[in-house]
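A short worksheet on the structure shown next.
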Amino acid sequence: MGSVNRVILVGNLGADSELRFTGAGAAVAKFRLATSEVFKDKEGQKREETEWHRVNLWGKQAETIQQYLTKGKQVYVEGRLQTHKWQDKEGKDRYSTEVRADRVVLLGGGGGGARRESTEHDDAGREPGGADAGVPMPGDDEVPF
């Protein structure tokens, strides 16, 4: 049997996303997502633990949805884990693991507004179904004209 590298997260953005471009001109929206779990500890006290995730969204999808990825916004993210290795100043190997998002859905929580969805894209950042596929539509109260 083959292997599976799939991540599904629902959480809130810790800050506005940052849109950057690679030297080759590829767009990437970077954001941090908090997921929280509430439970009772051994003493019966209610506790909450929060985990932070680094998320990267690439291509046309990143450019079109980035403006809606604002602090506090609740989002659904589907993607895969990707680990990067580098060396620090002392020459020690360091690692960081991020989520490379294939799909991001803006939910109603956090920043309010209507639900808007972006669709999946391939590894080159192209969206299936043509140039207009997956473009998030602003709610009626957010139309800029």
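Quick notes on this one:
- Checklist (1) without any contact (Cβ under 8 Å) to a residue 24 or more places away in the chain; (2) under 23 Å from residue 95 (Cα atoms) applied to residue 38, failing item: (2)
- Hits in the stretch 1-27 (condition: at pLDDT 95 or above and among the β-branched types (Val, Ile, Thr)): 4, 7, 8, 10
- Filter result for residue 124 (at pLDDT below 95, touching a helix residue (DSSP H, G or I) at 6+ places or on another chain (Cβ under 8 Å) and exposed (fewer than 10 other Cβ atoms within 10 Å of the Cβ)): yes
- Which numbered condition residue 37 misses (of (1) farther than 23 Å from residue 78 by Cβ; (2) touching a strand residue (DSSP E or B) at 6+ places or on another chain (Cβ under 8 Å)): (1)
- Consider the stretch 72-106 and keep the residues that are of a type in the set (Lys, Arg) and without any contact (Cβ under 8 Å) to a residue 24 or more places away in the chain. The one that is surrounded by the most Cβ atoms within 10 Å (Cβ to Cβ) is 94.
- Scanning the stretch 14-71 for residues that are assigned to a loop (DSSP other than H, G, I, E, B) and either touching a Lys or Arg at 6+ places or on another chain (Cβ under 7 Å) or surrounded by 19 or more Cβ atoms within 10 Å (Cβ to Cβ) (or both) yields a total of 6.
- Options 32, 80: the member that is within 10 Å of the chain's Cα centre (by Cα), within 17 Å of residue 9 (Cα to Cα), of a type in the set (Lys, Arg) and at pLDDT 95 or above: 32
The values are calculated or read from the model by the stated rules, or taken from the named source; none is laboratory data. Please read all numbers here as calculations on a predicted model, not as lab measurements. Neighbour counts are summed over all protein chains in view; Cβ atoms, including those assigned to glycine, are modelled from backbone coordinates with ideal geometry.
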